[in-house]
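Take a look at the structure below.
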Amino acid sequence: MLFDTTLFQAERTKKISIWCIAILLFLHGIALRIHAAHNWTDQIAAFKPMVVNVETSSEVVFETEAKGTSFATGFIVDAERGIIATNRHVTGSSPSYVKINFYDGSFTEAKVFYYDPTHDFGFYQIDPGEAEFSLEAVQLGAWRNLVLGDELLLIGNNDKEEYSIKEGKVANLNVNKGNRHSSYIHTTFDRTGGSSGSPVWNTEGEVIAIHARGSDTSSFELPIEYLIDALTRIQDDSPIHRGEIGVDLELISIGEAIKHFRLPESSRVEIGPSESGTPKVIQIESIIPRTTGEDLLRASDIIYRINDNLIRDDLYTFDAMLNDSVGADVVLEIYRNGEQMTVRIPVEDLELKKVRRFVRFAGSIFHDVTPDLRRMLYFKAEGVYLTHADAGSSFSRVGIRERSGNSKVVIQEINGRAIHDLNDFIASCEEISDGQHTYVVIRDFNRFDSSPTPKSLTVNLKFGPLQVFEWNESELDWKQSDAGDGEEIQTH
């Protein structure tokens, strides 16, 4: 049988043609995707003047914050008032020196205007007249309008490289990455240190979130609605309230809630599908001591309704409704091991429990025990918190100091006198003379056993006399006061 070369050639040509068409289609698909990607060029040029680089330095620290200098990002949200948004973990709650660097190389100083006690955002304020150009605020959008896969832009001080550009997409619209009960947007930005406080834009040129945390492959952004709620009140000269019932929340899938925590099967239909992924419900992860919910709620409770509203996985709405209920009661419908229950809980204002007064004494910093510390340490008792002791100072050996110099020590007694709050501590310190041998009873939360322990020390006051500082709201600054002047200051 003769080999038909003509037929072979035809088949070969046909296969090559098919491969060529396939390659062309593949390349065409890539071209379409490239063409479909949003072109940010013009918007980037317009956005940069609205973004600032933040440099902070702290030598007095509260709670678990650290001394030193750090770099981050912020963005202008009110040009007329000179208000700049950034993260709470950037502003901190401690006294600090803040330098704001602008896109044109100029700079100015800023003061902490507000920080949120629950969510990771805060505001600085600058004098707009000190800027060498006309300030322009970003346009604020709405997180609720996003859909999965939306393109986003981040401009920030990434790895201390000013005005780094990052492009990403929405990966999930609602994940719980906050310290208490914050909803976050999961995105695909790759970022490193310095990006904290960066604005996140949608393709319409609206800031829909603020960057808060992440890794080299994933990023988590706090929805802009949290900031807008506080900013609106500031602009209206209205007080900001942060509702507190003492719950630390998490999201669990509806399947886990039904199978492991005995949520009724019928709830699956009522909860329905979720636009952000797997349908989830809100569960209490832990209860903070000395809060209004301590005796009424339990870890593992599933919060199903709040004030008769089905809450599903909506952490943002849960928080907003608590804020609206400050000074009143909130009604929660919960499921506890399959049993439906209704509880009525008084709502406190977390704003009133910020550190508004601190003491510098014998080389150390002291303030009242805050709800955040009670949450982290699960601490119920009374006392005063020793946040930082200088190396070699009188209190530096009463507990284990971390490498930063910070302590996790609560002082409960001085020379036989019970210490309930900062007023008691000040009164005790006023009775101590330079070089006096003193004993304190402490609880050291850097130890495995944090039970009350007596410690003896010699107090050196030559370089560390008693100093009391109070927050001056009108000047946005800490002012030294006489030790005995704090009787009317609300303690925490």
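The values are calculated or read from the model by the stated rules, or taken from the named source; none is laboratory data. Bear in mind that the values here come from a model prediction, so they are computed numbers and not experimental data. Virtual Cβ from ideal backbone geometry, glycine too; neighbours counted across all protein chains shown.
With respect to the stated conditions, GLY194 is on the phi > 0 side of the Ramachandran plot, buried (at least 21 other Cβ atoms within 10 Å of the Cβ) and not assigned by TED's automatic domain parsing to the domain that holds ILE303.
Of everything listed in (1) buried (at least 18 other Cβ atoms within 10 Å of the Cβ); (2) in contact with a Phe, Trp or Tyr (Cβ under 7 Å, 6 or more places away or on another chain), the single unmet condition for LEU377 is (1). A search for C-beta distances below 6 Å between a residue of region 177-194 that is within 16 Å of LEU350 (Cα to Cα) and touching a residue at least 24 places away in the same chain (Cβ under 8 Å) and any residue that is aliphatic (A, V, I, L, M) and crowded, with 23+ Cβ neighbours inside 10 Å, counting only pairs 6+ apart in sequence or on different chains, returns HIS181/LEU315.
Condition check ((1) surrounded by fewer than 20 Cβ atoms within 10 Å (Cβ to Cβ); (2) assigned by TED's automatic domain parsing to the domain that holds LEU315; (3) out of contact with any strand residue (DSSP E or B) (no Cβ under 6 Å at 6 or more places or on another chain)) across all residues:
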{"position": "GLU204", "(1), (2), (3)": "yes, no, yes"}
{"position": "THR217", "(1), (2), (3)": "yes, no, yes"}
{"position": "GLU221", "(1), (2), (3)": "no, no, no"}
{"position": "TYR226", "(1), (2), (3)": "no, no, yes"}
{"position": "ASP248", "(1), (2), (3)": "yes, yes, no"}
{"position": "PRO264", "(1), (2), (3)": "yes, yes, yes"}
{"position": "GLY272", "(1), (2), (3)": "yes, yes, yes"}
{"position": "GLU275", "(1), (2), (3)": "yes, yes, yes"}
{"position": "ALA299", "(1), (2), (3)": "yes, yes, no"}
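Out of everything in region 156-184 that is of a type in the set (S, T, N, Q), buried (at least 22 other Cβ atoms within 10 Å of the Cβ) and modelled with pLDDT of 90 or more, what residue ends up being farthest from ARG312 (Cα to Cα)? The qualifying residue farthest from ARG312 (Cα to Cα) is SER182.
Which residues, taken from region 182-208, are touching a helix residue (DSSP H, G or I) at 6+ places or on another chain (Cβ under 7 Å) and closer than 21 Å to GLY92 by Cβ? Talk me through it step by step, then tell me what you get.
Here is the first cut: in region 182-208, the residues touching a helix residue (DSSP H, G or I) at 6+ places or on another chain (Cβ under 7 Å) are 182-183, 185, 191-197, 201, 205, 207-208.
Those that are touching a helix residue (DSSP H, G or I) at 6+ places or on another chain (Cβ under 7 Å) and closer than 21 Å to GLY92 by Cβ: SER182, ARG191, THR192, GLY193, GLY194, SER195, SER196, GLY197.
Being farther than 30 Å from LEU296 by Cβ and among the β-branched types (Val, Ile, Thr) narrows it down to one residue among ILE419, ILE365; which is it? The unique qualifying residue is ILE365. Among the residues of region 64-74, some residue qualifies, meaning at least one is at pLDDT below 95, of a type in the set (S, T, N, Q), farther than 20 Å from ASP104 by Cβ and out of contact with any helix residue (DSSP H, G or I) (no Cβ under 8 Å at 6 or more places or on another chain). Among the residues of region 229-246, those that are farther than 29 Å from PRO289 by Cα and crowded, with 18+ Cβ neighbours inside 10 Å comprise LEU231, ILE234.
Checked against (1) within 21 Å of LEU251 (Cα to Cα); (2) touching a Gly at 6+ places or on another chain (Cβ under 7 Å); (3) of a type in the set (D, E, K, R), LYS160 passes all but condition (1).
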